[in-house]
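Taking it in order: structure first as structure tokens, then the write-up.
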Amino acid sequence: MMKGMISLKKRITAIIFILAFFTTQVYASVLGSQWVEGGTLPFGGSTFLTRNTYLSDQKGVGLQTEYYAEYTPNSAVRPIVVTGDSIWGKRNLSQVMEYMQTQKLYPMIGINASFFSFQTGVPMGHVITNGEITSKDATVLDAVGFRQDGSAFMGRLGIQATAIFGAENYELDLTHINKYCQDSTEVVTLYTDEFGQTTKATPNTINITLDTNGQQPALGMILNGTVEKIEYAPGEVAIPEGKLIMTMNLNGNAWSKSLMQSLSEGDTVTISCTATS
């Protein structure tokens with residue numbers, strides 16, 4: 001998920017890294033209004049880490065500690081979103097730091113900032129890295145984003161991804177991008193090689209491999225792909241590097257399945273990705 005950062009010629013001396021987008025808040029009633037102790041540690045590069053301990057206002061909770069980073073955008077330190085070498089799989093902060101160091105990135109402060117599946121490690125919301133949509137579902141969520149200069153913004157984020165094909169311009173909703181396709185999944189999932197080496201799907205599936213000349217889905221992008229392969233499988237299939245795979249549980253939505261089965265090798269599929277909020 002670090003392709004854009006890896007290719008930077010300028011050496012980045014330190015990184016604040018964030019494991020994904022977040023959808024939660026800390027409430028003062030839990031932390032408490034009575035400050036006990038704490039302090040601020042300067043990290044350099046206009047970056048500071050603050051620790052405060054409070055006596056909670058809630059009965060029986062006791063002492064609560066908060067940590068937060070303060071950062072002024074500058075050329076030496078950048079905030080980035082990273083999950084490691086794949087969307088699939090669980091990693092702790094130490095493992096993510098080791099991965100970053102192999103990419104010549106030097107982590108300074110790490111924040112675990114997403115809900116994720118304890119079974120698979122896959123984020124439950126949306127993740128965009130270097131402009132590419134590396135994970136999405138059908139929901140609209142609170143999100144934090146970072147511009148190229150390191151400044152941040154927050155807002156509501158929903159993503160609509162659609163595959164359009166055929167003389168009739170059929171529209172197939174790509175409800176998920178890089179999510180776990182299991183027996184209960186009824187929607188279409190679009191996979192990129194950021195997910196991992198395989199789709200990890202468990203049910204019987206239909207899989208459409210698209211050649212997009214290496215282009216990956218991104219907000220505001222329309223990309224054209226050619227159907228390279230159609231494969232039925234009793235579970236997971238390999239994800240070729242640089243290719244996209246549309247996957248569906250054969251016991252899923254009948255209309256979506258019929259649209260996928262109408263495709264043939266050589267057909268053109270146009271994929272559109274837009275922000276809905």
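Which of rounded, prolate, oblate describes region 32-110, given a ≥ b ≥ c as roots of the alpha-carbon gyration tensor eigenvalues and a/c under 1.5 marking rounded, otherwise prolate only if a/b is larger than b/c? Because a/c hits 1.5 or more and a/b fails to exceed b/c, region 32-110 counts as oblate. Over the chain, what percent of the accessible surface lies on carbon and sulfur atoms, probe 1.4 Å? For the chain, the apolar C and S fraction of the accessible surface comes to 51 percent. Length gained on full extension, Asn52 to Glu186, computed as 0.36 nm times the residue gap minus the Cα-Cα distance: 43.7 nm.
Taking a point 7 Å out from the Cα of Thr268 in the direction of its Cβ, the residues of region 124-168 whose backbone N falls within less than 12 Å of it are 165-167. The residue among Cys273, Val227, Ile206 whose Cα reaches farthest toward the positive pole of the charge dipole of the chain, with charges on the beta-carbon of Lys, Arg, Asp and Glu, is Cys273. Pairs from the list Lys229/Lys257; Lys104/Lys179; Lys179/Lys200 with a Cα-Cα gap above 21 Å: Lys104/Lys179. Amide H to amide H, with H built 1.01 Å from N, Val122 comes under 5 Å of Gly89, Ser117, counting only residues 5 or more places away or on other chains. In the context of the full set of protein chains, region 49-149 has a per residue accessible area of 53 Å² (1.4 Å probe). Sequence-distant contacts, meaning Cα pairs under 8 Å at least 6 residues apart, place the relative contact order of the chain at 17 percent. Computed over region 202-277, the percent of Cα pairs more than 21 Å apart is 30. Positive end of the dipole of the chain (Cβ unit charges, origin at the Cα centre): among Thr247, Phe118, Gly32, the Cα lying farthest that way belongs to Gly32.
Nearest 10 degrees is fine. How inclined is helix 93-102 to the longest principal axis of the chain, computing both from alpha carbons? The angle comes out near 70 degrees.
Full extension from Thr198 to Tyr170: what is 0.36 nm times the residue separation minus their Cα-Cα distance, to one decimal in nm?
Details: separation 28, 0.36 × 28 = 10.08 nm, distance 2.74 nm.
Going from the current span to full extension adds 7.3 nm.
Residue separation times 0.36 nm, minus the C-alpha to C-alpha distance between Leu250 and Glu231: what's the value? Numbers along the way, then the final one.
Working: separation 19, 0.36 × 19 = 6.84 nm, distance 1.19 nm.
Taking Leu250 through Glu231 to full extension adds about 5.7 nm, to one decimal.
Taking the alpha-carbon centroid of each part, what is the distance from region 66-132 to region 195-214 in angstrom? Region 66-132 and region 195-214 have Cα centres separated by 24 Å.
The values are calculated or read from the model by the stated rules, or taken from the named source; none is laboratory data. These numbers come from a predicted model, not from an experiment. Methodologically, a virtual Cβ is constructed for each residue, glycine included, from the backbone with ideal geometry; neighbour enumeration extends over all protein chains shown. Just so you know, the surface numbers come from the protein's heavy atoms only, side chains and all, with ligands and any DNA or RNA stripped out. Shrake-Rupley method; radii C 1.70, N 1.55, O 1.52, S 1.80 Å.
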